[in-house]
Structure formats: C-alpha cells, structure tokens
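Undergrad: Here's a structure for you.
The values are calculated or read from the model by the stated rules, or taken from the named source; none is laboratory data. As the structure is a prediction and not an experimental result, all values here were calculated from the model. Heads up, the Cβs are rebuilt from the backbone with ideal geometry, glycines too, and the neighbour counts pull from every protein chain shown.
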Amino acid sequence: MKYLILIILLIVNLYPAESKGKHILLLNSYNQSMSWVQNITKSVYDVLEPDKNNYIIHIENMDTKRIYSPTYLKQLKKIYMNKYKDIQFDLILSSDNNAFDFLRANRNDIFGKVPVSFSGVNFFKDSDLNGHEKYTGITEEFDVVGTLNIALKLRPNTKEIFIINDYLKTGIAWRKTIKERLVDFNEDIKISYSKNDTIANLQKKLDSLSSDTIVLLGAYFKDKDGAFFTYEKIGEILSLHSKVPVFCLLEFNLNKGVLGGNVIGGYYQGEAMSKIAKKILDGVPVGSISVQKTGATKTIFDYIELEKYNINLENLPSNALIINEPISYFAKHKFIILTSIAIISLLMVIIIILLLNIKQKKSSQEKLKQSKDEIHDLNKTLEDKIHKRTQELENSNEELQTSLSHLKQTQNKLIESEKMASLGGLVAGVAHEINTPIGIGLTGITYLLEITQNIKKQYNEDEITEEAFKDYLMQSEDLSSTISSNLFKTAQLVKSFKQVAVDRDREEKREFNLSDYIKEVISSLNNIIKKANVKINILCDEGIALNSYPGAYSQLITNLISNSIEHGFKNKDSGNIVINVKCDGNLLSIIYTDDGIGISEQNKAKIFDPFYTTNRFKGGKGLGLNIIYNIVTSNLKGNIECACDEDIGAKFIITLPLELI
C-alpha cells in the first residue's frame with residue numbers, strides 16, 4: 001500500500017499541468033462600463049486564449065474613477081484577502097495607475113510575490129519599482145508632439161492650439177507633462193490651456209475660437225461642478241461646439257466628432273501587457289523583461305471629420321487607419337466584380353481557342369481527305385513489303401538461333417577447357433612440389449638400408465664395436481627424421497590438392513574455414529608462384545567459417561593469381577599480391593591487389609567480357625576473368641568491381657553474402 005501511494009504521488013508530480021490550470025488575476029483601475037476597460041479585457045482574452053491554454057482568469061474592477069479614498073482602498077484590500085485566500089495566483093495583470101499603485105502597496109500582503117504585468121501607467125519612472133520585485137509591463141505614453149505635428153501638416157495655417165484637460169489627478173498630470181513636452185515645440189504657435197470650469201463655459205470657449213485654431217483633447221472626465229462624462233461622450237459634447245478640428249490622444253474619444261491623432265487605445269495597451277504576460281507564463285524570468293515605454297499608440301482619423309474640414313487624405317501618414325470611410329461600389333462588390341471579369345475573360349479565351357480549333361480542324365480534314373487515297377495505295381504496297389520482310393526475318397531468326405546455340409556450346413566447351421587447363425596446371429604444380437620431398441625421402445631410405453646392411457654384417461661376423469653402433473643409431477635417427485618430415489610434407493600436399501580438386505569437381509556446399517582454405521589453394525599453386533618469384537600476403541581473420549561452395553572460392557583465387565602472373569607480372573622479375581578478407585555485418589569482402597603493370601582505362605570496361613584478352617597471340621583465350629565474374633555473380637550471388645589504374649597495379653573488390661540461400 002505504501003508503494004502504491006508513492007507511485008500515485010509521483011504520477012501527480014510528473015503531470016501537474018494536466019491536473020490544474022493557472023490562475024490569473026486581471027485588476028482594472030476603472031469600471032467595466034468604460035470602453036477602455038472593455039477593450040483591455042478583450043485583448044487579454046484574445047492574446048492569452050484561456051480556454052486553449054487552461055488559464056483561469058479572475059477579473060476585479062476597482063472603479064476608482066468614481067470612488068477613490070484611503071478608506072475605500074482598505075476595504076478593497078480586505079475584500080480581496082478574504083475572497084482569494086485559497087487561490088494561489090500564477091500572474092497578476094494590472095491596468096492603469098490606480099491598480100498599479102494599489103498592488104505596489106498591498107500585493108505582498110494579499111497575494112504574495114506573484115509576478116505582475118502592468119499597462120496604462122502614466123508618468124512611469126524606473127524608481128517606481130525600487131524595492132518591488134517581479135514587476136514589468138508597458139507604460140501609457142501619449143504622443144502629444146507627434147499628434148500636433150500631424151495636425152499642423154493637415155492645417156498649415158494654424159496660429160493657436162487650445163488644449164483641454166480636466167482637473168482630476170490624471171488630467172492635472174497630463175497638463176503638466178504636455179507643457180513640459182511642448183516647451184520648445186513651435187515659437188510661432190500660441191498654446192493655451194483650458195481652465196477648471198464648468199462644461200457650459202468650456203463650450204462657450206470653443207464657440208469663440210478663431211478659424212486658425214485647433215483643439216487638442218487630453219484627459220477629461222469631470223468638470224468643475226462634479227459632473228461626470230464618459231470619454232466617448234466628451235468628444236461628442238465638445239465637437240458640437242467647436243468650429244475648428246478637435247484632435248485627441250485617446251482612442252475612445254473618436255467616432256463622435258473628434259478628428260483623430262496618435263491615440264492610446266485600451267486594446268493596444270492590454271495587448272502589449274498580455275504579450276509580456278505570455279512570456280512570464282512560458283517561464284521567462286520577470287527580471288529579464290524590461291518595461292516597455294513606447295509602441296502602444298495607433299494613428300487613427302475619422303473620415304467624416306476629414307471631409308468636414310476639407311482635409312486631403314494624401315497628407316495623412318502612410319500608416320494611418322481611417323474609420324467611417326464609405327465603401328465604394330467596387331470595394332463593396334469587389335469579389336463579385338473581379339470574379340465576373342475573370343469568368344468573362346476565361347470565356348473569351350475559350351471562344352478564341354474554340355474558333356482556332358474549328359479552323360484547324362477544317363484544314364486538317366481537307367488534308368486528311370487528300371492523304372486518304374495516298375495512304376490506301378501505300379498500304380497495299382507496304383503490306384507486300386512487310387510480308388516479304390517478315391519472311392526474311394523469320395529465316396534470319398532461325399539462322400541466328402542456330403548460331404547462338406552453337407556459340408553457347410562452344411563457349412561452354414571453352415570454359416570447361418579453361419577449367420581443365422587450370423586444373424592441369426594445378427596438377428603439374430603439385431607434382432613438381434611432391435617430387436622434391438619424395439626424392440629426399442627415397443635417397444634417405446636407400447642410405448638407411450645401406451648402413452643397416454653394414455651394421456648387420458658387422459654383427460654377424462662379431463666385428464661390431466660400441467662406437468660403430470652408436471654412429472649407426474645417430475645416423476638412423478637423423479635419416480628417419482628427414483624421411484618422416486618429407487613424407488609428411490608430401491602427404492599434406494596430396495591432401496590439399498585432393499581437397500581442392502574434389503571441391504572444383506563436385507560443386508557442393510560444405511562448411512570450411514576460409515583462411516585455411518585460401519592457404520591450401522595457394523599451397524597447391526606453390527610451383528607457379530615460386531617460378532614467377534611472387535610473394536603473397538594473406539590478411540584474413542582465422543575465425544571466418546563459411547557454409548558455401550569451396551570449389552568456387554578455389555577457382556576464384558586460382559584465376560586471380562594466374563591472371564596476375566600471366567598479365568600483371570609478365571615483364572617483371574618479381575611481384576607482390578595482397579589478399580585482404582573482411583567481414584562487415586552479413587557481407588564478406590575480398591580485396592585482391594597486386595603491384596603489376598595495372599589495367600588501362602580503355603581495357604577496364606571490357607575485362608569481364610568473354611573472349612576478351614590482350615594476350616591472344618600468346619595463347620590467351622580471354623575467359624579467366626569472365627569465369628571469375630560468373631562465379632562471383634552466379635554461384636556466390638555477389639558483386640565484383642575492378643578499381644585499378646594503369647602503372648599502379650590491379651585491384652579487384654569482391655563483395656559476397658555470408659549466407660547463401
């Protein structure tokens with residue numbers, strides 16, 4: 001039972017990602033009714049794809065535009081501590097300054113040191129994160145200079161810029177930052193700022209602006225009397241009382257009478273924040289991700305307002321997005337129009353092809369009619385010629401079959417003759433080798449009989465001495481040893497010759513040691529090898545045992561050595577041959593090399609052809625290498641390749657399967 005529990009715990013630890021999802025908190029500074037918050041929330045779901053990635057997203061809207069006090073923040077802290085006491089978050093997403101400030105003050109107490117990815121933070125300084133671990137994100141940097149540069153390009157006669165912000169915390173901070181950034185903007189342009197006033201007085205101010213003025217709307221949410229306005233509504237309220245274009249820095253001011261600009265959008269802020277969050281969830285350390293301070297603005301303009309103020313669209317930046325642009329008939333029905341054009345064009349092409357085809361067909365029919373009679377006459381003549389030619393070919397084919405049969409019989413006889421000649425040479429060589437030890441043995445036995453008769457005579461006449469008997473014993477022992485040694489050598493030669501001769505004649509499979517067998521074959525060729533003054537070096541593993549046709553290997557080695565002596569060493573006093581045998585998996589390779597005169601490139605392509613020889617005038621038949629080729633490819637089911645160069649020597653690479661079916 002104890003081991004079962006340990007196995008279950010091990011499986012649970014190995015697959016944590018499949019057993020539970022990751023918890024993510026989205027903490028918004030404002031209320032969900034604001035399009036800014038709605039767009040941030042949408043971007044979080046679009047980028048993180050919680051259903052696909054098994055993320056559990058919790059959303060809290062602090063609503064600090066309406067309620068913002070130390071008491072309220074303390075109440076939120078208590079609520080979150082109680083609500084999420086049993087949840088361990090993997091990541092916190094924070095939108096705008098109030099949520100950012102709240103987390104810096106309370107994150108560790110409520111959630112612990114959970115990684116935070118923030119967005120929409122105005123007036124961010126690197127020092128804001130001093131003493132705070134695992135924070136990164138994107139700041140909310142409005143582009144007042146870029147927007148006004150575009151505005152002056154669209155309205156080059158501008159003399160004054162009127163900038164509107166409310167007097168809440170964000171509006172005051174925006175006005176301060178705008179003033180700092182426009183210190184050296186344009187000395188020829190007057191820049192004025194809205195006062196802390198009611199919405200009615202602000203509208204009167206807009207009514208009084210001259211035609212050479214433009215308006216820039218910053219952050220405006222509440223007037224002097226405490227009346228609240230949504231960001232979407234304030235653009236509409238102000239533009240109704242403005243006779244000049246109203247530019248903006250926030251995306252949700254658009255679509256209600258505001259012209260546009262380089263705007264900050266909730267979706268773009270949330271998108272950038274979520275991309276950073278994705279890196280954190282994938283395991284990238286928070287400390288290695290720098291705070292992003294640019295890149296979350298879009299250049300957007302309202303087509304209706306551009307038309308209203310007679311602004312040329314060509315003066316807009318190339319990356320500008322235009323909303324409310326009417327769709328042209330072509331754009332609206334683009335697919336249908338292009339499809340129709342394509343179909344009509346295709347039909348026109350088909351009609352042209354058909355017309356050309358009809359014309360060509362008529363011409364062909366006329367030619368066909370003219371040729372029909374000619375073909376009819378030719379057919380009669382051709383039939384007679386074919387019949388006659390067929391008869392001639394049949395007669396020739398019979399003659400060729402007869403000639404081919406005779407040729408095959410002749411070839412088989414020549415090959416058999418070559419084999420017998422090779423065996424005859426083997427017999428002559430073995431006979432010569434046997435003569436020497438037999439002669440020595442015969443001489444020894446004759447001398448032994450002679451000294452035995454002498455010692456016997458001395459013994460019969462009672463004249464034998466101890467010294468003479470010792471001398472007889474010593475000579476007898478030497479002679480017996482010499483006779484025995486030479487008779488044993490003769491027996492070995494006869495055994496080798498007998499085995500090689502039997503293997504060549506019977507062509508039966510049997511088991512044999514390849515190294516020993518090659519040595520026996522070479523031993524049987526010792527006479528011709530000595531005459532040619534050739535040294536043979538065998539490189540073969542002593543443990544290679546085969547179940548194959550030893551006669552084929554004997555014929556193979558014999559013919560290769562004979563070929564080297566007859567052709568490779570014909571003008572040389574001596575030579576060297578190396579037979580290198582290797583096993584590689586299920587293949588046996590025999591690499592045969594000599595240091596003779598080699599084979600020219602011209603002759604290399606023909607050497608395995610039957611009856612091809614360069615020694616015909618000295619009795620060569622041209623069957624030696626052809627026999628080798630047939631043995632390798634037919635009998636042993638292998639492959640032979642000639643890989644040699646002229647003046648370097650001959651080299652044959654033979655590849656054979658270890659097991660024959």
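Undergrad: Being modelled with pLDDT of 90 or more and polar (S, T, N, Q) is the filter here, so list the residues in region 534-555 that pass it.
TA: 537
Undergrad: Return the residues of region 254-299 that are of a type in the set (Val, Ile, Thr) and closer than 24 Å to residue 230 by Cα; say none if nothing qualifies.
TA: Across region 254-299, the qualifying residues are 258, 263, 264, 297, 299.
Undergrad: For region 145-185, how many residues meet the condition of being assigned to a loop (DSSP other than H, G, I, E, B) and under 20 Å from residue 196 (Cα atoms)?
TA: Taking region 145-185 and keeping what is assigned to a loop (DSSP other than H, G, I, E, B), we get 155-159, 165-168, 182-185.
Add one more test, that the residue is under 20 Å from residue 196 (Cα atoms), and what stays is 165-168.
So the answer is 4.
Undergrad: Tell me, please, whether a residue that is in the same structural domain as residue 36 (by TED's automatic domain parsing), surrounded by 23 or more Cβ atoms within 10 Å (Cβ to Cβ) and under 20 Å from residue 83 (Cβ atoms) can be found in region 116-133.
TA: Looking for residues that are in the same structural domain as residue 36 (by TED's automatic domain parsing), surrounded by 23 or more Cβ atoms within 10 Å (Cβ to Cβ) and under 20 Å from residue 83 (Cβ atoms), one finds at least one in region 116-133, hence yes.
Undergrad: Determine which member of the set 157, 98 is touching a Ser or Thr at 6+ places or on another chain (Cβ under 9 Å) and surrounded by 20 or more Cβ atoms within 10 Å (Cβ to Cβ).
TA: Just one listed residue meets the conditions, 98.
Undergrad: Residues to consider are 293, 308, 278, 243; find the one that is among the basic types (Lys, Arg) and surrounded by 15 or more Cβ atoms within 10 Å (Cβ to Cβ). So that I can check it myself, show each step before the final result.
TA: Numbers: 293 fails: surrounded by 15 or more Cβ atoms within 10 Å (Cβ to Cβ); 308 fails: surrounded by 15 or more Cβ atoms within 10 Å (Cβ to Cβ); 243 fails: surrounded by 15 or more Cβ atoms within 10 Å (Cβ to Cβ).
Just one listed residue meets the conditions, 278.
Undergrad: Condition test on residue 78, is it within 18 Å of residue 138 (Cα to Cα), of a type in the set (Lys, Arg) and either part of a helix (DSSP H, G or I) or modelled with pLDDT of 95 or more (or both)? Spell out the reasoning first.
TA: On the way: within 18 Å of residue 138 (Cα to Cα): no; of a type in the set (Lys, Arg): yes; either part of a helix (DSSP H, G or I) or modelled with pLDDT of 95 or more (or both): yes.
The answer is no for residue 78.
Undergrad: If only one of 188, 166 is at pLDDT below 95 and surrounded by 14 or more Cβ atoms within 10 Å (Cβ to Cβ), which one is it?
TA: Details: 188 fails: surrounded by 14 or more Cβ atoms within 10 Å (Cβ to Cβ).
After ruling out the rest, the residue left standing is 166.
Undergrad: Next up: Suppose we filter 80, 55, 84 for residues that are in contact (Cβ under 8 Å) with a residue 60 or more places away in the chain, surrounded by 14 or more Cβ atoms within 10 Å (Cβ to Cβ) and in the same structural domain as residue 283 (by TED's automatic domain parsing); which single one remains?
TA: Answer to the check: 55.
Undergrad: Still on this model: Need the failing condition index for residue 89 against (1) part of a helix (DSSP H, G or I); (2) touching a strand residue (DSSP E or B) at 6+ places or on another chain (Cβ under 8 Å), just the number.
TA: Against the list (1) part of a helix (DSSP H, G or I); (2) touching a strand residue (DSSP E or B) at 6+ places or on another chain (Cβ under 8 Å), residue 89 comes up short only on (1).
Matching residues to (1) modelled with pLDDT under 75; (2) part of a helix (DSSP H, G or I); (3) more than 60 Å from the chain's Cα centre (by Cα):
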site	(1), (2), (3)
361	no, yes, no
389	no, yes, yes
397	no, yes, no
404	yes, yes, no
428	yes, yes, yes
439	yes, yes, yes
448	no, yes, yes
464	no, no, yes
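So that you can scan it fast, the table gives a plain yes or no per residue for (1) over 29 Å from residue 307 (Cβ atoms); (2) modelled with pLDDT of 90 or more:
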residue	(1), (2)
201	yes, yes
215	no, yes
237	no, no
253	no, no
278	yes, yes
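Undergrad: For region 248-262, how many residues meet the condition of being surrounded by fewer than 23 Cβ atoms within 10 Å (Cβ to Cβ) and small (Gly, Ala, Ser)?
TA: The number of residues fulfilling the criteria is 1.
Undergrad: Of the residues that make up region 290-300, is at least one of a type in the set (A, V, I, L, M, F, W, C) and part of a helix (DSSP H, G or I)?
TA: Taking every residue of region 290-300 in turn, none turns out to be of a type in the set (A, V, I, L, M, F, W, C) and part of a helix (DSSP H, G or I).
Undergrad: While we're here: Testing residue 265 on (1) closer than 28 Å to residue 293 by Cβ; (2) buried (at least 23 other Cβ atoms within 10 Å of the Cβ); (3) not acidic (Asp, Glu), one condition comes back false. Which one is that?
TA: (2) is the only condition that residue 265 fails.
Undergrad: Please indicate, with yes or no, whether at least one residue in region 532-550 is assigned to a helix (DSSP H, G or I) and touching a residue at least 12 places away in the same chain (Cβ under 8 Å).
TA: yes
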